[in-house]
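Heads up, the thing below is written out as structure tokens.
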Amino acid sequence: MLHTIRSCILNVLNLFTKGAKDIAEDMILLDQPKDKNLGDLYTNAAMMFAKRLEISPRVLAEAIRDALASSENVTEVSLAGPGFINFKLKNSFWQGVISDVIEQNENYGFSNVYANKLINVEFVSANPTGPLHTGHARNAVFGSVVANLLERIGYKVTREFYINDQGNQIKFLARSLYLRYREALGAEISESDFTSDMYCGAYVKELAKELVDIYQDKFLNQPESEWLALLSQFAIDRMMQNVKNDLRNLGVVMDVYTSEAELCKRNLVEEALNILSECGDIYEGVLPRPKGIASDDEWEERPQTLFRSTKYGDDVDRAIRKSDGTWTYFAGDLAYHLDKIKRGFTEMVAILGADHNGYVKRLKSAVKALSAGKANIEVRLYQLVNFLENGKPVRMSKRAGNFITLKDVVERVGKDVTRYMMISRHHDVMIDFDFVKAVEQSMDNPLFYIQYAYARICSVFRNYEAENGEITRDDLLNSDKSILSDEAEISLMKALAFWPDQVKAAAIAIEPHRIPVYMQNIASLFHSLWNKGKINSELRFIDKENRHETISRLSLLMATKKVLEDGFRIIGVTPMMEMR
RNA sequence: GUGCCCGUAGCUCAGCUGGAUAGAGCGUUUCCCUCCGAAGGAAAAGGCCGUUGGUUCGAAUCCAAUCGGGCACGCCA
């Protein structure tokens, strides 16, 4: 719908000799003025592009005004301020949105700006050393919605989980498991046997029981070399099953799980280093003492193998080999991102918690260096979530193993509430997640407000169809929209017309929270219209005396329903047809 | 000491590539169910957008300083 207006404006821009060839339709701002008296829409295009076209904003504004004025949809155009163009449109223009939505059905809200480009979205990537906990919930939801959004603008998305299935942490997991294994077989174990690197959560005991069931006392009194590899693999397998299950219950399904150990076996670390060496980005050197470390006592200078990440914008160069000769975590990540590049990804997104903010620059550097500048990774950090129990913070200690798991959250408040709470705020702000308030059915919990709007729409269709039989798509498309001219009806249509814009903007900005915010706006306009029908019976959706007008109104409801469904699909929440 | 993020109504938060008189919900006050679902709606009140400078036709938005809060900072993962 809005495309018609934008292309009209773009045609004007193209008339000027300096050329508008680098101006895309998307760049033209169209919005509803805050003051409704100014018109239905405004654009600042004249001010935006005047400089680029080397022409005065006033002249450009006049040209756009004239073009709009001659458009069949426009009834009135006026210039204001330094170059705003305000205009009014025929009701028929807005009414056209209804057919648009119904015709395009599930495709309404899709665009193909990035048609068929590959993109990799890596998220969660939790260490397989324990169950997913609350901290992973936001990551999982955020990542999955970002992936959905990117698909909306045409990307071919790969949802990916990176498994850190080797290294010290896995060794300690296996040792912890072994302790519990001995305990299950009757050995005396005290909590002090668990060093600070080990895992003493209850889930390790569960694993130990399984281990006993399968192997009995086979590993009892055996040296570590006899059981370490097997127990490691056993623990990883079970933990990943667990992770996948928890994710599925949260509505998250990955396309690819990539194992760090596998990458190592394929010698990708060495390959990555070769590439970097050829660019002259690998050297033996000594890092300067960071300012944060006050005295030389705590700082020991030592030569290390370093990656010259500063060449690509990092603050300091980064170590890739430990003093014992093994790779650092970052070396593994070099291999991993080389793997992504080799699989053909030039665009990548990674979702990380805010506590990883120090990692962003080196990751971006790595991708630039390994791809000779051809690939890029966008990292999105999300702030942590505070879990509250009726206003009081829930204490968690990972060490003691008494953290709340993601599974606990989903079981307690449900998938939909969890997802909504995690996605409805900007990723840069902290969330207070109160278990009590989350399920309260009030406006402290806006999900219910949106669900309620949807349920009301479904209810109207149920009522109508109970009396008149099923209503068809053709009935709705062929209905006369011209009777839908009340301000509240037009406002709702306008909001629906902006839906594709909103989705595209949210996707490009990688800001999923805009979707629930906009859904709330649509729900609000709908509720308002509903209540207007209580006062003015002509606005009631069902008029038993007048079937034609009823179908016209139902067509607006259907369009609203479709858009809400699209929103629910993006955020992965199941719409509720009734809420009694 | 350095880097990243946040600071908008009493509270929780929106505010899109800089746009016109900064919005919503909760809470407070007043109205609206003979009639499609009142878990809703209409209205009132509530603001130096942390502070100070700068950029320009125009700043909550960009830049610089500053204050307050969160996070991070050589071989952990």
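The values are calculated or read from the model by the stated rules, or taken from the named source; none is laboratory data. Small disclaimer: the values here were computed from a predicted structure and weren't measured. Ideal geometry is used to build each Cβ from the backbone, glycine not excepted, and the neighbour counts take in all protein chains shown.
Among A:484, A:447, A:477, which is within 15 Å of residue A:556 (Cβ to Cβ), touching a residue at least 24 places away in the same chain (Cβ under 8 Å), crowded, with 20+ Cβ neighbours inside 10 Å and not aromatic (Phe, Trp, Tyr)?
Values: A:447 fails: within 15 Å of residue A:556 (Cβ to Cβ); A:477 fails: crowded, with 20+ Cβ neighbours inside 10 Å.
Within the list A:484, A:447, A:477, the selection yields A:484.
Scanning the stretch A:302-354 for residues that are at positive phi and over 25 Å from the mean Cα position of the chain (by Cα) turns up A:313, A:325.
Given the conditions (1) at pLDDT below 95; (2) in contact with a strand residue (DSSP E or B) (Cβ under 9 Å, 6 or more places away or on another chain); (3) of a type outside the set (A, V, I, L, M), which single one is not true for residue A:151? Condition not satisfied by residue A:151: (1). Can you pull out the residues in the stretch A:171-190 that are out of contact with any Ser or Thr (no Cβ under 6 Å at 6 or more places or on another chain) and assigned to a helix (DSSP H, G or I)? Across the stretch A:171-190, the qualifying residues are A:171, A:172, A:175, A:176, A:177, A:178, A:179, A:180, A:181, A:182, A:183, A:184. Applying the set (1) loosely packed, with under 13 Cβ neighbours inside 10 Å; (2) touching a residue at least 60 places away in the same chain (Cβ under 8 Å); (3) among the aliphatic types (A, V, I, L, M) to residue A:286 leaves exactly one unmet item: (2). Mind checking which pairs have a first residue in the stretch A:516-544 that is surrounded by 14 or more Cβ atoms within 10 Å (Cβ to Cβ) and a second that is not in a helix (DSSP H, G or I) and not hydrophobic (A, V, I, L, M, F, W, C), Cβ under 7 Å, 6 or more apart or different chains? Cβ pairs passing all conditions: A:516/A:424; A:533/A:540; A:539/A:486. When the residues of the stretch A:529-580 are filtered to those that are within 9 Å of RNA strand B (Cβ to nearest atom) and among the charged types (D, E, K, R), the one that is farthest from residue A:476 (Cα to Cα) is A:580. Restricting attention to the stretch A:376-391, the residues being away from RNA strand B (no atom under 12 Å from the Cβ), hydrophobic (A, V, I, L, M, F, W, C) and closer than 29 Å to residue A:311 by Cβ number 1.
Could you tell me whether residue A:101 is surrounded by 20 or more Cβ atoms within 10 Å (Cβ to Cβ), more than 16 Å from RNA strand B (Cβ to nearest atom) and not in a helix (DSSP H, G or I)? For residue A:101, the condition - surrounded by 20 or more Cβ atoms within 10 Å (Cβ to Cβ), more than 16 Å from RNA strand B (Cβ to nearest atom) and not in a helix (DSSP H, G or I) - is not met.
Residue pairs whose Cβ atoms lie under 6 Å apart, sitting 6 or more positions apart in sequence or on different chains, and linking a residue in the stretch A:399-424 that is assigned to a loop (DSSP other than H, G, I, E, B) to a partner that is at pLDDT 95 or above, are A:424/A:513; A:424/A:516.
Scanning the stretch A:56-93 for residues that are among the polar types (S, T, N, Q), away from RNA strand B (no atom under 11 Å from the Cβ) and under 39 Å from the mean Cα position of the chain (by Cα) turns up A:71, A:73, A:91, A:92. The set of residues in the stretch A:297-334 that are in a loop (DSSP other than H, G, I, E, B), more than 8 Å from RNA strand B (Cβ to nearest atom) and exposed (fewer than 12 other Cβ atoms within 10 Å of the Cβ) comprises A:313, A:325.
Among the residues of the stretch A:335-375, those identified as within 16 Å of RNA strand B (Cβ to nearest atom), in a helix (DSSP H, G or I) and buried (at least 19 other Cβ atoms within 10 Å of the Cβ) are A:335, A:336, A:337, A:362, A:363, A:364, A:365, A:366, A:367. Scanning the stretch A:182-216 for residues that are among the acidic types (Asp, Glu) and within 37 Å of the chain's Cα centre (by Cα) yields A:197, A:206, A:210.
When residue A:144 is tested against (1) among the hydroxyl-bearing types (Ser, Thr, Tyr); (2) at pLDDT 95 or above; (3) over 12 Å from the mean Cα position of the chain (by Cα), just one condition goes unmet, and that condition is (3).
Collect the residues in the stretch A:191-225 that are outside any helix (DSSP H, G or I) and more than 13 Å from residue A:177 (Cβ to Cβ), keeping them in residue-number order.
Within the stretch A:191-225, the first condition is being outside any helix (DSSP H, G or I), and the residues that meet it are A:194-201, A:216-223.
Once the filter is applied, which keeps residues that are outside any helix (DSSP H, G or I) and more than 13 Å from residue A:177 (Cβ to Cβ), the stretch A:191-225 yields A:195, A:196, A:197, A:216, A:217, A:218, A:220, A:221, A:222, A:223.
Residue A:341 falls short on exactly one of the conditions (1) of a type in the set (A, V, I, L, M); (2) out of contact with any strand residue (DSSP E or B) (no Cβ under 8 Å at 6 or more places or on another chain); (3) touching a residue at least 60 places away in the same chain (Cβ under 8 Å), and that condition is (3).
Test residue A:263 against the stated conditions and say whether it is within 14 Å of RNA strand B (Cβ to nearest atom) and in a helix (DSSP H, G or I).
Numbers: within 14 Å of RNA strand B (Cβ to nearest atom): yes; in a helix (DSSP H, G or I): yes.
Taking the combined requirement at face value, the residue satisfies it.
Condition check: among the hydrophobic types (A, V, I, L, M, F, W, C) and over 29 Å from residue A:135 (Cα atoms). Does residue A:360 satisfy that?
no
Which count do you get for residues in the stretch A:76-89 that are loosely packed, with under 15 Cβ neighbours inside 10 Å and either among the β-branched types (Val, Ile, Thr) or not in a loop (DSSP other than H, G, I, E, B) (or both)?
Filtering the stretch A:76-89 down to residues loosely packed, with under 15 Cβ neighbours inside 10 Å leaves A:76, A:78, A:80-82.
Okay, now just the ones that are also either among the β-branched types (Val, Ile, Thr) or not in a loop (DSSP other than H, G, I, E, B) (or both), so A:76, A:78, A:80.
The total comes to 3.
For the criterion of being crowded, with 23+ Cβ neighbours inside 10 Å and either in contact with a Gly (Cβ under 7 Å, 6 or more places away or on another chain) or not hydroxyl-bearing (Ser, Thr, Tyr) (or both), residue A:115 fails.
When every residue of the stretch A:285-296 is checked against the conditions, none turns out to be at pLDDT 95 or above, among the small types (Gly, Ala, Ser) and either assigned to a loop (DSSP other than H, G, I, E, B) or more than 10 Å from RNA strand B (Cβ to nearest atom) (or both). The number of residues in the stretch A:37-62 that are buried (at least 18 other Cβ atoms within 10 Å of the Cβ), closer than 26 Å to residue A:94 by Cβ and touching a residue at least 40 places away in the same chain (Cβ under 8 Å) comes to 7.
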